[in-house]
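*Asks:* Structure incoming, see below.
The values are calculated or read from the model by the stated rules, or taken from the named source; none is laboratory data. Everything quoted here is computed from the prediction, not taken from an experiment. As a convention, Cβ positions derive from the backbone with ideal geometry for all residues, glycine included, and neighbour counts pool all protein chains shown.
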Amino acid sequence: MYDYLIVGSGLFGATCAFRLRQAGKRCLVIDRRSHTGGNVHCATVEGIHVHQYGAHIFHTSDKRVWDFVNAIVPFNRYTNSPLASYHGRLFNLPFNMNTFYQMWGVRTPEEARRMIESQRLDIENPANLEEQALKLVGRDIYETLVKEYTEKQWGRPCTELPPFIIKRLPVRFVYDNNYFNDAYQGIPIGGYNRLIDGLLSGVEVKLDADFFADRPYWESVAEKVLYTGPIDAYFDYRFGKLAYRTVRFETEVLDTPNYQGNAVVNYTSHEQPFTRIIEHKHFELFGQAVYDVPKTVISREFSTEWKEGMEPFYPVNDGTNSALYLRYKELADREEKTIFGGRLAEYKYYDMAPVIARALDIDLD
């Protein structure tokens, strides 16, 4: 008999397993996939660690979390500096003085401020995402770098998307392409599998094990269940299914050492059906090391509506789905044996550092 059955071996489940093992608890981790790590899992292709479920860049200002993960595996100092491609023109992200120079030829912060202010719309209560963006950054930035990219991501016009999706759009009046403001960022040296392996060290794991395929059995093997899967599935979709967006990947090996010169390039127009291209080697290889690996691996990402059998990525936290989640949460709060946590069980998009912080803080008793 185990003390805990942990359903799901992603960052939340693996961090909780680490905590429980440290506390002397006997745990069994099961995962329906054939690998651990959930969406941070990497495959090794041509000596390159490929982020199979999209780019994962660890960033945080929480020193406790940073020290915790680095005690498992050291991280490099990768700095996320994506580019945006719009009809062949390249722009630096996030919006900063490099972007404004590329957009308008302005060189000073004052020139950039005046340009943005001249285009911003004075809308007291934006009714949709388009109005919210025009209020924040004006027409040129919106139409070049926000509008079509967002429509590809969400599969609907910006005029039909709620304004809260972009409550703010960071605008920096300095020449700084570092996407994150956090004090710490990087990639585990050797890839994310090393982080997951470290968290699960000494814990029993069973793969290709579907909790729902034999639920009575799995619930019988432990005193408590830590569940990280979709909350609506746990309750047999009693109130209906929650909505998600998902991502489809087209990955290929190219016979060149350096395809795009950057890890992340967003494609912000409808001209390309994909939202971005990831070149995986740039997360961990720098300078001459890029050319020491003769091939490269790229992934094109296509955002689409989630359907049965697909991996749910992004919760659609609109009014309808948020209300539906709260109905499921009421049921979850009544469960005595099961603890719910993580992206799917809480119907909440988590970056990696916050999900680890949540796993470190959640009451597991």
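*Asks:* Under 30 Å from ASN70 (Cα atoms) and in contact with a strand residue (DSSP E or B) (Cβ under 8 Å, 6 or more places away or on another chain): does that describe ASP365?
*Replies:* no
*Asks:* Counting residues that are among the small types (Gly, Ala, Ser) and within 17 Å of the chain's Cα centre (by Cα), which strands (runs of 3 or more DSSP E) fully inside region 238-316 reach at least 1?
*Replies:* 296-305
*Asks:* Okay, moving on. Got at least one residue in region 12-21 being of a type outside the set (A, V, I, L, M) and exposed (fewer than 15 other Cβ atoms within 10 Å of the Cβ)?
*Replies:* no
One line per residue, one yes/no per condition, for (1) surrounded by fewer than 20 Cβ atoms within 10 Å (Cβ to Cβ); (2) more than 23 Å from the chain's Cα centre (by Cα):
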position: TRP66; (1), (2): no, no
position: ALA71; (1), (2): yes, no
position: PRO82; (1), (2): yes, no
position: SER85; (1), (2): yes, no
position: LEU93; (1), (2): no, no
position: PRO109; (1), (2): yes, yes
position: ARG139; (1), (2): yes, yes
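*Asks:* Looking at this structure, is ASP182 surrounded by 14 or more Cβ atoms within 10 Å (Cβ to Cβ), within 18 Å of the chain's Cα centre (by Cα) and modelled with pLDDT of 95 or more?
*Replies:* When the stated conditions are applied, ASP182 passes them.
*Asks:* Limited to region 215-235, what total is found for residues that are within 16 Å of GLU346 (Cα to Cα) and either loosely packed, with under 14 Cβ neighbours inside 10 Å or not assigned by TED's automatic domain parsing to the domain that holds GLU335 (or both)?
*Replies:* Result for region 215-235: 0.
*Asks:* Oh, and also: Would region 358-365 turn up any residue that is of a type in the set (Val, Ile, Thr) and buried (at least 16 other Cβ atoms within 10 Å of the Cβ)?
*Replies:* Yes, because at least one residue in region 358-365 is of a type in the set (Val, Ile, Thr) and buried (at least 16 other Cβ atoms within 10 Å of the Cβ).
*Asks:* How about region 15-43: which of its residues are under 25 Å from PHE249 (Cα atoms) and part of a helix (DSSP H, G or I)?
*Replies:* Matches in region 15-43: GLY38, ASN39, VAL40.
*Asks:* State the number of residues belonging to region 288-344 that are of a type in the set (A, V, I, L, M, F, W, C), modelled with pLDDT of 95 or more and closer than 16 Å to GLN153 by Cβ.
*Replies:* 1
*Asks:* Moving on to the next point. When region 203-257 is examined, which residues are found to be among the aromatic types (Phe, Trp, Tyr) and touching a residue at least 12 places away in the same chain (Cβ under 8 Å)?
*Replies:* PHE211, PHE212, TRP218, TYR227, TYR234, PHE235, PHE239, TYR244, PHE249
*Asks:* If you don't mind, another one. Out of all the residues in region 267-299, which are among the charged types (D, E, K, R) and closer than 13 Å to VAL253 by Cβ?
*Replies:* GLU279, LYS281, LYS295, listed by residue number.
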